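Down below is the structure, laid out as structure tokens.
The values are calculated or read from the model by the stated rules, or taken from the named source; none is laboratory data. Just so you know, these numbers come straight off a predicted model, no measurement behind them. Quick reminder, even Gly has a Cβ in these numbers, built from the backbone with ideal geometry, and neighbours come from all protein chains shown. Surface accessibility is based on the protein's heavy atoms, side chains included, excluding ligands, DNA and RNA. Shrake-Rupley method; radii C 1.70, N 1.55, O 1.52, S 1.80 Å.
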Amino acid sequence: MSDRRARLVIAVVSTVVLAVVASLLLGHAPQAGVPPAVAALPLANACLNATSAALLSVGFLFIRRKRVSAHKACMVSALVVSFLFLASYVTYHALAGSRPFTGRGWIRAVYFPILISHVVLAAAIVPLVLATVFRAFTGNFARHRRLARWTLPLWLYVSVTGVIVYWMLYRL
């Protein structure tokens, strides 16, 4: 696949993902009565985010040690786990809707900046991850490394703040 075609596919996939998530968060009325399996999805999502963060971190350590095969395995696994997260996240919000933050006082001043930065960077990370993976799989490692220097810390931030948002929303 040419770079031009890949950019088009990445743009279309990213736009579709963002449109689906935005419509679920901003304009979707959830069903009444959430089944227990659906109610368990936020915890599953937090676990998937934590797993993604761990895989990204270990994958980074592997590439620093020039263990390319192990790095690739971790990064592909992080991609799969992130895809599972996205499927679970969309399922939860399609069936249960969004949960408002009920914290009071100073914690709101902590929660909302974390949430906003998480949401903005989660939207940005979709095309970055897809482009980074495309460059690796096509053997364009110079461009892969240049983009991965941005993608990795942002993807890691999104994964970690996803766990923090879950904890603040469901456990505080």
Go over the candidates Val81, Val165 one by one and state the one that is part of a helix (DSSP H, G or I) and over 19 Å from Val13 (Cα atoms).
Val165
Among the residues of region 55-67, how many are open to solvent by 60 Å² or more (accessible area, probe 1.4 Å), of a type outside the set (A, V, I, L, M, F, W, C) and not in a loop (DSSP other than H, G, I, E, B)?
1
Does region 130-144 contain at least one residue that is among the β-branched types (Val, Ile, Thr), assigned to a helix (DSSP H, G or I) and touching a Ser or Thr at 6+ places or on another chain (Cβ under 8 Å)?
yes
How many residues of region 79-93 are modelled with pLDDT under 95 and open to solvent by less than 30 Å² (accessible area, probe 1.4 Å)? The answer is 2
Return the residues of region 30-49 that are of a type in the set (Gly, Ala, Ser), part of a helix (DSSP H, G or I) and exposed (fewer than 15 other Cβ atoms within 10 Å of the Cβ); say none if nothing qualifies.
Ala37, Ala39
When Val120 is run through (1) within 17 Å of the chain's Cα centre (by Cα); (2) open to solvent by 50 Å² or more (accessible area, probe 1.4 Å); (3) in contact (Cβ under 8 Å) with a residue 60 or more places away in the chain, the failure sits at (3)
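Let me confirm something: among Ser52, Ser23, Ser14, which residue is free of Cβ contacts under 8 Å to residues at least 60 places away in the same chain, open to solvent by less than 70 Å² (accessible area, probe 1.4 Å) and hydroxyl-bearing (Ser, Thr, Tyr)? Even if it seems obvious, please write down each step before you answer.
On the way: Ser52 fails: free of Cβ contacts under 8 Å to residues at least 60 places away in the same chain; Ser14 fails: free of Cβ contacts under 8 Å to residues at least 60 places away in the same chain.
After applying the criteria, what remains is Ser23.
So is Val76 without any contact (Cβ under 8 Å) to a residue 60 or more places away in the chain, under 12 Å from the mean Cα position of the chain (by Cα) and surrounded by 13 or more Cβ atoms within 10 Å (Cβ to Cβ) or not? Break it down stepwise before answering.
Values: without any contact (Cβ under 8 Å) to a residue 60 or more places away in the chain: yes; under 12 Å from the mean Cα position of the chain (by Cα): no; surrounded by 13 or more Cβ atoms within 10 Å (Cβ to Cβ): yes.
For Val76, the condition - without any contact (Cβ under 8 Å) to a residue 60 or more places away in the chain, under 12 Å from the mean Cα position of the chain (by Cα) and surrounded by 13 or more Cβ atoms within 10 Å (Cβ to Cβ) - is not met.
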Read through the list (1) assigned to a helix (DSSP H, G or I); (2) among the hydroxyl-bearing types (Ser, Thr, Tyr); (3) under 17 Å from Ala19 (Cα atoms), then give the number of the only condition that Ser117 fails.
(3)
Do we have any residue at all in region 96-103 that's over 13 Å from the mean Cα position of the chain (by Cα), part of a helix (DSSP H, G or I), more than 23 Å from Ala40 (Cβ to Cβ) and not basic (Lys, Arg)?
no
